[in-house]
Each structure stands twice: as structure tokens, then as C-alpha cells.
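Just below is one structure, and these are the notes that go with it.
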Amino acid sequence: MREVELLIGGIIVGLMIAMPVGPVNILCIHRTIEAGWRSGVISGLGAATADMLYGGVAGFSITLVVQFLIREQFWIRFFGGILLVVIGISYFFKRPEPLSAQEQDRGSAYSDLRSTFLLTLTNPTTVLSFLALLAALGMGNQRQWWLTVFLVVGIFSGSMAWWIVLSSIVNHFRGRFNDRILQSMNRFAGLAIGGFGVAVCVLSRTWLRR
């Protein structure tokens, strides 16, 4: 059935977009180690939601939105890079929380979701990656809107599946980390995320000169 084909294809695309190592993966791993499985999954939910939005843009071939993202690519990348640098600095100087703190308050959960959603959303090239992958898998053609819904649901499911698996694997080894290791990981995460931010800003400036 066409619906099943689109759903499975969407899951594959969602996995391929989510799996490459980047700042969101680092945040998800760090938050799982520091605050448990729930924090990692909620962080992944923010990224999966943004993937679903960009997947919808690509799947429905919303030309005006794609053109806007391309046209404003410099500013989106620039502010996204600054956001990464700010998060990196905060993580570098952040004191580790006790490993026994499994539960987070609602504000922390919302902050986890919001930050990864914004980080993923400030990467406008994601929608171009979706377009390329859909074309490569033969799903880039126009179709009835309700069929595209299956594709978008598949993209969200594939992306979310990766974050659940990643958080589960990291949480399995969580007990082997102590406060000293967590402090080192805070600094590593801060440097890595901040480094991504600086790279994004530099690349945005290079792209503007072209």
C-alpha cells in the first residue's frame, strides 16, 4: 500500500536526519547522563518536532517557505550560532547535579524541549536535506495531501525513535558516571556546542560573501 510505503520511507528519512552527530545529539547525551532518561527523551522530542515541521515543508513542497529559508539563511544561521555559543558557555560553567536527581520539574522539561526545538529549527539547510533524501528515495513527487501526512508522521516517528534509543543506551551506562566525570563532561559539552556555534557563525559569514 502507498500509505505504508510513505510511512516506512518517512521513518528512514527521520532516522537519517537525526542520527548524524551534532549539538543536539551532544545535548541529548549530556542531559540523559545528568538528569536521566526522561530528560534525554524530552530533548529529543524537541528535535523530532522541528524535524517534523521541516519534513512537512519538504513533503508538501511549500515553495514559498523553502525560498524564504534560503533567502534568510544567513540570519537564521547567525542567530542559531549565537544561541549555540550561549548554551555552550552555560554548560561549560555549569556545576553537575547529583545523579540521584532523576525527576525534573516542569520548567526544566519545557526548557529541554524548547532549546532542542530552537536549535534544530535554526538550521534551515535541514529542509534542503529532507528534499534531497525524499528525491533520492523516490518520494519527492507531488501527491494527495493526506498521503503526505503518512510521510510526515513517519519522519517524526523515525527521528523520535533515534532519540529514544540513544537516551536508553546512555541511561543504561549512567550509573558509571560520578560527579567528577560529569564536571568534565559539562566542560566538553560546553566546548563542543560552543565550537559548533562559532563554526556556524563563521560559515554564515563566508556564505554571505558569496
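Things worth noting here:
- Qualifying residue in the range 46-54 (condition: surrounded by 15 or more Cβ atoms within 10 Å (Cβ to Cβ), modelled with pLDDT of 85 or more, in contact with a helix residue (DSSP H, G or I) (Cβ under 9 Å, 6 or more places away or on another chain) and β-branched (V, I, T)): yes
- The single condition among (1) modelled with pLDDT of 80 or more; (2) surrounded by 15 or more Cβ atoms within 10 Å (Cβ to Cβ) that R114 does not meet is (2).
- Applying the criterion of at least 3 residues that are within 12 Å of the chain's Cα centre (by Cα) and farther than 23 Å from L191 by Cα to the helices (runs of 4 or more DSSP H) found wholly in the range 22-89 leaves 37-59.
- Hits in the range 21-36 (condition: buried (at least 21 other Cβ atoms within 10 Å of the Cβ) and not hydrophobic (A, V, I, L, M, F, W, C)): P23, H30, R31, T32, E34
- Residue within the range 12-20 that is modelled with pLDDT of 90 or more, surrounded by fewer than 24 Cβ atoms within 10 Å (Cβ to Cβ), farther than 25 Å from F188 by Cα and more than 9 Å from the chain's Cα centre (by Cα) present: yes
The values are calculated or read from the model by the stated rules, or taken from the named source; none is laboratory data. It should be emphasised that the depicted structure is a prediction, and the values quoted were computed from it without experimental measurement. Note that we place each Cβ from the backbone using ideal geometry, even for glycine, and neighbour counts take in every protein chain shown.
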